[in-house]
Each structure stands twice: as structure tokens, then as C-alpha cells.
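Reviewing the structure listed below.
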Amino acid sequence: MKRFAFAGLAAATLAGANAPALAADLALPAEPVEVYEAPVEPARGFDWTGFYVGGNLGWGWGNFDNYASGSGDFDRFANGVQGGGHAGYNLQITPNIVTGLEGDFQFTDMNSTKNLNGVSVKSSSDWNSSLRGRVGYAFDRFMVYGAGGLAIADLKVKADGDEGSTTALGWTLGAGVEGAVTQNITARMEYGYQDLGSESFTLNGNRYSSDLDSNLVRFGLSYKF
């Protein structure tokens, strides 16, 4: 009986000694893994910087201030459809300030005829162009801007069975609004004024002068590269 008691005590002692080792071999519960959410980047604003090309269509009106030596004034109002293309480059200096340079070419349908003292004088302009600097203030995808620079146009005067033509130089000023339809397409509405100064013609020995100033309202679409 004592042998069984000593055997049981020895077994218990041995089991107690091995208990820490066995406990060490048991798998410990996994520590919870912390999940870190990636910071959300703020949405990027529209980038106005880059080259662009486009087309436009509008309505023009103005005055041919004509004078014939010995016959008097032949001033005449004219208007018509204008349409053409434009191309330029924008540079976004700050998130709000945008500058740029743009050139355009328009086909026009402006002409007028006036009869005075038996003399008929016809004035017309078939095209005009401009090279303008632009400065705008952007509200992300929307921009208001002003523009100004050099204006160029053809000018023709027909009278006394003769005709004269020239390329007139002047200045232009205007303003507009433009918005981004997509990341590459913008739409605009703008107004422009051109003053092309006075040009002189000699038709069949008679002196004529013509001074053209015009206004234009047009809608345009541009593709930004």
C-alpha cells in the first residue's frame, strides 16, 4: 500500500514539474490586429494649365464710319454671323489666378451700302482676327476672365465703279466666362470689342476713308491637351 502511495506522489510531483512546459506549448490567443485606414486624399481641383484648341460661333455688329471727299458722310450700321476657331495656352499661377495667350480667326458677314447725293458706297469685312492676352480668376472648374490685345481685319470699300481693300490693324478688349465640362473639354461665352481705326482709299480719283468698330458675342468649345 505504501508503494502505491509513493508511486502516486512521485507521479503527481512529476506532472507538476512538467505543467509549465506543457502550458508553454499551448497556443496563446492571438492579439487583435489594429486596422489603419488610409487617409482620404482631398479631391483635386481642375487644372487649367495647358494648350487648347477650339471653335466658336456668334453674332457681330458694328459701324462703318465712311467719308467721301466732296460727298459727305456714309456712316452705316452692319451686323451678321461670325464663326471660326481659336487656340492658346493657359498657365495656372495659383489655384485661382490663370493667365494665358490666345489667337483666333473669324469669318464674318458684315457689309453695308449707302446712297448719298447720287453716290453709292459699299463697305464690307469678310474676316477678322486677334492675338490677346487673358487673365482669369478660377473657382475650380469655373473661370471669369478679361482679354485684350491686337485686332486685325480686312476692310473693303466699293464706290465710283472702283474697289479698294486693305488689312486694318487696331485693338480689342473683352471679357467672358468659361467652365470645364470634362477634364478635357471647356465651354465659354464671351464678349469682345474691336476698334480698327481709320483707313483711306482712292477710288477713281476720289478720296474715301473708312473707320470700322465692331462688337461680338460668341459661344465656344475648347479641347484642352
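Can you tell me the length gained on complete extension of the stretch Y137 to T49, counting 0.36 nm per residue apart and subtracting the Cα distance?
Working: separation 88, 0.36 × 88 = 31.68 nm, distance 1.31 nm.
That works out to 30.4 nm of additional length.
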Two-site label geometry, R207 and N63: point separation in nm, points 7 Å out along Cα→Cβ: 2.2 nm
Relative contact order (%) - criterion: Cα under 8 Å, at least six apart; region: the stretch 98-225: 18 percent
Net +/- balance of residues flanking G205 in space, Cβ distance below 11 Å, scoring K and R +1, D and E -1: -1
Unit charges at the beta carbon, dipole of the stretch 50-224: most positive-side option, Y193, T182, G118: T182
Cut-off 16 Å (backbone N to label point 7 Å along Cα→Cβ of V81), residues of the stretch 202-225: 217-220
Amide proton proximity set for R141, modelled H, under 5 Å, gap of 5+: F46
Estimated distance in nm for a label pair at I185 and Y223, the labels positioned 7 Å out from Cα along Cα-to-Cβ: 1.1 nm
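Read the figures in this text as sums done on the coordinates, not as results from a lab. Computed from a predicted structure; not experimentally measured. Positions of Cβ are generated from backbone atoms using ideal geometry, with glycine treated the same way; all protein chains shown enter the neighbour counts.
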